[in-house]
Amino acid sequence: MPKGFLTLSIFLVILLSFHYAYALPKDRGFEFTAQRVELLQGGEKLYAEGDIIVEAETYLLYAQRAIYDRKRDFLELFHFKLFDFSQNATTLGEHAFFDLRNNELMSSKVFIFFKKEGFRLKAWEFKKNALNEYFAQRALITTCELDCEREEFPPWSVEVRDLILTPEGYTSSKATYFRAKGVPLLYLPQKVYLPKMSLPLFEPRKKGFLFPNISQGNRLGLGLQLPYFIPLTDQIDFTIAPLYTTKRGLLWDLENQFALSNETKGVFKVRYLEDTKRGEYLTTKVPENRYWATGKIDITSGKNWDLHLDIDFVSDKDFLEEFNVGEGSFDRAKGLYLERFNRDLEDKSQDYRTSKLWFQYTRNSLYTRLQSAYLDYEGPGNKKEVLQPLAQLRLNLLPFSFREILPSLSLDYHYFYRKENYYGHRWSLNLELAYPFVYKVLKNEFKVNYKNFLYLLEEEGNFTKKGLNQNLFEASFTSYTLLSKHYTFGEEAKGLKFQHVLKPYVSFFYREITPKREENPLFVYEDYLVKKAKALEYGIWQFINLPTQRNFLAIKAYQQYDFTKAERSVLLTKPEDRALSDLYLQVLSQWKGRFSLRYDTAYNFYGYGLRKHSLNLSLREYILSSIDFTYQEDEAWKTRQATLALAHLFRNNLALRYYVSRNLLKEETSEQKIEALYLHDCYLLGLGMSITPRDTKFYFKVDLKGLGGLGDRSMGLP
């Protein structure tokens, strides 16, 4: 009998074939189809086979065979699949009983896949009740592929007892074993380590011990870290991760994460060490109590405002480099912040750490920013003279159209404080008028700026007055044109085609400052502008556009001529302070995300020659999976540094990564890393080594995708 020929309700068939008093309500709320139906035991049971489908609002049931018992209102299922819409889960099994009155499912063994979360579960003595709650006497939980038919274990799994899973995401169970394949590697005693292990399948991280971190270094010795994760609520969790090192003692890591909503989220990290075992590394600059506290918070609105907080304090900057291992390491925190907040951390070798709180509001052309910042300075010199930007207010009226003119207005207020030397308030008013226009083939823009700076000092320092005022007037004129030509080499259909675009430009800039003073309170960059300027900049852009790649190649060459510097005597000025600036050259190229290049250089006409070089080259899927090379050379700053990062993926599961940064002037390797990773769909194994002039570290890591949130950040190449 062809499929679809019988599309009748089971209950309607029974009513038409036999007279019985029991009848189902008309509002049962599901439909039933099968290829073949037959009556058994005088109509007491109904047998169906062939693509059986039972469809309701909250589930879809599929089976190859089924027997309906009219007295108990039961379906006995064979080779079935249950699609549970409330849990976004699929349940498969060989044999089960389904209670049609309250949608209960019972089976001796089932396989369940939670599609959204990526979890797989094999359960024994399983039951799903009328409230869509799942129960199992024994279960294997994993993120690996799991065969529901064959008796085999996945690469890793957690075996639990008395599993409970609710539609709200609450899950509890008693842990027994952690298994690698069928071998129990870790026994979790119920009363000793984990009184009751909670595995909330719908949360990124799970309560309990995470996998340990192992490290080895000549300054730290052997290090072992055992993180423990505590979900306080569905929105707030903590991770406590003590790291014991044989040479330096116990380092504590504490992490708090919260996500109250999509718009409100935050992370805080604290690590602390009582460094009493420094031994040969004991110096007067390194304190005994060493710590690093960092965190970020984002609160955004669907309307037009947002609030942000960054916290960053450290006992000494060497702490970040020396203890760059474990859960709370600088590298892990940097990666987490970039992924979660799209904000970076300042380099670990920097002399200061910045903490700040800022509020932003936008409405039409109005932009408002209120900010407070604090610099935790750990560099040389007197800490009491470090300026602290404790308060900042910015009101910007962004450019808007007024006839043919684009006016804009901004007001900036700063309050700086320090214990020694001058400090106080700084006000800045900036009015800008821009007039863009076209004359024949030339595109032009004329712009004027008026700026007024007011300084109200609370501590005079070396200044004779507490109130100082300065005016700054700037004007600029820019003109450019675009010239293009199309080229074809070879046959029209198969030949090389590209477009060459020339963009020559010239810009004149003028600045006047009154009153003329050689000394100003130096709070921000603009305060260093104390001299008149009159300069001309000229240059040319060249673009190569391919049919499938716009801006495949861009080349810019430009130079400045300063009329003010030209008025000075050549004999009394240094080469870098003469009229002609360096000739700058910039080359940019990219190709469909697989190739990118940037090269910058500068040539000096007063005896220095080529003063700087900067090259950044990136290749993807060429020889290796990724190649990144950086070279920087600057004669003025006496630097010459080269960095190479290589990564390759073999057979989709073995990755090798290598990184080296070398100071070519000192002929010293600043840092070198090598790492081998085995990548699986549900876990990662890694072994690495890091070498610096001061330290050598070895580390080993195991990340299980989905267990404790591990794996998500490192289940592939960077």
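The values are calculated or read from the model by the stated rules, or taken from the named source; none is laboratory data. Note that the coordinates shown come from a computational prediction; the quantities given were computed from them, not determined experimentally. Quick reminder, even Gly has a Cβ in these numbers, built from the backbone with ideal geometry, and neighbours come from all protein chains shown.
Please give the number of the condition T669 fails out of (1) surrounded by fewer than 16 Cβ atoms within 10 Å (Cβ to Cβ); (2) at pLDDT below 90; (3) of a type in the set (S, T, Y). The number of the failed condition is (2). Checked against (1) farther than 23 Å from E38 by Cβ; (2) at pLDDT below 90; (3) among the small types (G, A, S), S107 passes all but a single condition, namely (2). Name the residues in the range 521-535 that are surrounded by 16 or more Cβ atoms within 10 Å (Cβ to Cβ), assigned to a loop (DSSP other than H, G, I, E, B) and out of contact with any strand residue (DSSP E or B) (no Cβ under 6 Å at 6 or more places or on another chain), would you? Passing the criteria: V524, L529. Note on the range 507-518: residues that are in contact with an Asp or Glu (Cβ under 9 Å, 6 or more places away or on another chain) and exposed (fewer than 15 other Cβ atoms within 10 Å of the Cβ) total 1. Checking each residue in the range 681-718 for being crowded, with 19+ Cβ neighbours inside 10 Å, among the hydrophobic types (A, V, I, L, M, F, W, C) and modelled with pLDDT under 70 picks out L707, L710. If you check Y244 against the conditions, is it touching a helix residue (DSSP H, G or I) at 6+ places or on another chain (Cβ under 8 Å), surrounded by fewer than 20 Cβ atoms within 10 Å (Cβ to Cβ) and in a strand (DSSP E or B)? Judged against the criteria, Y244 is not a match.
When each of A48, A63 is tested for being in a strand (DSSP E or B), within 22 Å of F126 (Cβ to Cβ) and free of Cβ contacts under 8 Å to residues at least 40 places away in the same chain, the lone residue that passes is A63.
Is it true that N262 is modelled with pLDDT of 85 or more, among the polar types (S, T, N, Q), out of contact with any His (no Cβ under 6 Å at 6 or more places or on another chain) and closer than 30 Å to W305 by Cβ? Spell out how you get there, then give the answer.
Values: modelled with pLDDT of 85 or more: no; among the polar types (S, T, N, Q): yes; out of contact with any His (no Cβ under 6 Å at 6 or more places or on another chain): yes; closer than 30 Å to W305 by Cβ: yes.
No; evaluated as a whole, the condition is false for this residue.
Residues of the range 339-382 that are surrounded by 15 or more Cβ atoms within 10 Å (Cβ to Cβ) and among the small types (G, A, S): S355, S372, A373. If you go through the range 504-552 and keep only what is among the aliphatic types (A, V, I, L, M) and over 39 Å from the mean Cα position of the chain (by Cα), you end up with V506, I513, V530, A533, A535, L536. The set of residues from the range 442-495 being in contact with a Leu (Cβ under 8 Å, 6 or more places away or on another chain) and on the phi > 0 side of the Ramachandran plot comprises just one member, G490. Every condition in (1) among the hydrophobic types (A, V, I, L, M, F, W, C); (2) touching a residue at least 40 places away in the same chain (Cβ under 8 Å); (3) farther than 28 Å from R161 by Cα is met by F114 except one, and the failing one is (3). Give the residue, chosen from N616, N604, that is crowded, with 16+ Cβ neighbours inside 10 Å and touching a helix residue (DSSP H, G or I) at 6+ places or on another chain (Cβ under 9 Å). It is N604.
Can you name the residue in the range 347-369 that is more than 19 Å from V314 (Cβ to Cβ) and hydrophobic (A, V, I, L, M, F, W, C) and is also modelled with the lowest pLDDT among such residues?
Of the range 347-369, the ones more than 19 Å from V314 (Cβ to Cβ) are 358-369.
Then drop every residue that is not hydrophobic (A, V, I, L, M, F, W, C), which leaves 358-359, 366.
Details: W358: 97, F359: 96, L366: 92.
Residue satisfying both the conditions and the ranking: L366.
Exactly one residue among A136, A96, A130 is small (G, A, S), over 20 Å from R65 (Cβ atoms) and modelled with pLDDT of 90 or more, and that residue is A136. Here the condition is being surrounded by fewer than 23 Cβ atoms within 10 Å (Cβ to Cβ), in contact with a strand residue (DSSP E or B) (Cβ under 6 Å, 6 or more places away or on another chain) and part of a strand (DSSP E or B); of F80, F98, F126, F113, it holds for F113 alone. Within the range 391-449, if we keep just the residues that are among the small types (G, A, S) and over 35 Å from the mean Cα position of the chain (by Cα), the residue that is farthest from V506 (Cα to Cα) turns out to be G424.
Considering only the range 625-657, how many residues are surrounded by 15 or more Cβ atoms within 10 Å (Cβ to Cβ) and modelled with pLDDT of 90 or more? Even if it seems obvious, please write down each step before you answer.
Pass one, the range 625-657, residues surrounded by 15 or more Cβ atoms within 10 Å (Cβ to Cβ): 625-633, 635, 640-649, 655-657.
Those still in the list that are modelled with pLDDT of 90 or more too: 625-633, 640-649, 655-657.
Within the range 625-657, residues that are surrounded by 15 or more Cβ atoms within 10 Å (Cβ to Cβ) and modelled with pLDDT of 90 or more number 22.
Out of the range 383-392, which residues are surrounded by fewer than 16 Cβ atoms within 10 Å (Cβ to Cβ) and part of a strand (DSSP E or B)? Step through it out loud before you land on a result.
So in the range 383-392, the residues surrounded by fewer than 16 Cβ atoms within 10 Å (Cβ to Cβ) come out as 383-385, 390-391.
The answer is L390, A391.
Without any contact (Cβ under 8 Å) to a residue 24 or more places away in the chain and either under 27 Å from the mean Cα position of the chain (by Cα) or buried (at least 16 other Cβ atoms within 10 Å of the Cβ) (or both) - does that describe any residue in the range 585-594? So far as the range 585-594 goes, no, none of its residues is without any contact (Cβ under 8 Å) to a residue 24 or more places away in the chain and either under 27 Å from the mean Cα position of the chain (by Cα) or buried (at least 16 other Cβ atoms within 10 Å of the Cβ) (or both).
Being in contact (Cβ under 8 Å) with a residue 40 or more places away in the chain and acidic (D, E) narrows it down to one of D412, D347, D376, D351, so name that one. Quick ask: steps written out before the conclusion?
Working: D412 fails: in contact (Cβ under 8 Å) with a residue 40 or more places away in the chain; D347 fails: in contact (Cβ under 8 Å) with a residue 40 or more places away in the chain; D351 fails: in contact (Cβ under 8 Å) with a residue 40 or more places away in the chain.
Checking each option against the conditions leaves just D376.
Of the residues making up the range 471-503, those that are among the hydroxyl-bearing types (S, T, Y), in a strand (DSSP E or B) and either within 41 Å of the chain's Cα centre (by Cα) or surrounded by 15 or more Cβ atoms within 10 Å (Cβ to Cβ) (or both) are S476, T478, S479, Y480, S484. Since S173 meets every condition but one in (1) more than 31 Å from the chain's Cα centre (by Cα); (2) among the polar types (S, T, N, Q); (3) modelled with pLDDT of 80 or more, which condition does it not meet? Exception for S173: condition (3). When L375, L398 are screened for being outside the structural domain of R332 (by TED's automatic domain parsing) and not charged (D, E, K, R), only L398 passes.
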